[in-house]
1. I want to confirm something. Restricting to region 86-109 and keeping residues that are in a loop (DSSP other than H, G, I, E, B) and among the aliphatic types (A, V, I, L, M), which single residue is farthest from Ile59 (Cα to Cα)?
2. In region 38-81, what residues are among the small types (Gly, Ala, Ser) and in contact with an Asp or Glu (Cβ under 8 Å, 6 or more places away or on another chain)?
3. Show the residue pairs that are 6+ apart or on different chains and have beta-carbon atoms under 8 Å apart, the first residue being within region 35-56 and farther than 21 Å from Thr100 by Cβ and crowded, with 17+ Cβ neighbours inside 10 Å, the second being at pLDDT 70 or above and aromatic (Phe, Trp, Tyr).
4. Please identify the pairs in which a residue from region 73-85 that is farther than 12 Å from Thr63 by Cα has its Cβ atom under 8 Å from the Cβ atom of a residue that is in a loop (DSSP other than H, G, I, E, B) and polar (S, T, N, Q), counting only partners at least 6 apart or on another chain.
5. If we keep just the residues of region 64-118 that are among the polar types (S, T, N, Q) and surrounded by 14 or more Cβ atoms within 10 Å (Cβ to Cβ), which is farthest from Gly42 (Cα to Cα)?
6. If Leu112 satisfies every condition in (1) free of Cβ contacts under 8 Å to residues at least 24 places away in the same chain; (2) in a loop (DSSP other than H, G, I, E, B); (3) hydrophobic (A, V, I, L, M, F, W, C) but one, which is the exception?
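The values are calculated or read from the model by the stated rules, or taken from the named source; none is laboratory data. Since this is a predicted model, take the numbers as computed values, not measurements. No Cβ is skipped: glycine too gets one built from the backbone with ideal geometry, and neighbour counts run over all protein chains shown.
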Amino acid sequence: MCGRIRIFVAVTLVAGLALAAASQVIGKTHVVDNQVGAALNGHAGPVSSVAFSPNSGTIATATENGTVQLWDVPHRSHVGTLRGLAGIIDSVAFSPRGRTVAAGSRAGLVLLWDAPSG
């Protein structure tokens, strides 16, 4: 079956060698690189923002339920959930050295977490 999905947010990395795209379908984020990857499933709500870590090993996905999910890119596996913001998170980013994850909410709040080492 072939269908269409509306891409909500997309982020490219490493001169276009990888792409993370999220749709408004609950729980779906896709990572596409030289091998088309399976969806990263497990979100409790629509994904509103996606960011790669500087070393390309981790993706952070922000959701409309106030959580940030962390994913191991090579293994396409969930590695953690960051909590602390209420409501919709509009943006997520890693610091330049990858040591911190930042997320901003629609309410204008920003939280910083220590990024997991790996």
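1. By that ranking, first place goes to Ala107.
2. Gly45, Ser48, Ser49, Gly57, Ala62
3. Pairs found: Leu40/Trp71.
4. Val73/Ser56
5. Per the stated criteria, the residue is Ser105.
6. Only one criterion in (1) free of Cβ contacts under 8 Å to residues at least 24 places away in the same chain; (2) in a loop (DSSP other than H, G, I, E, B); (3) hydrophobic (A, V, I, L, M, F, W, C) is unmet by Leu112, namely (2).
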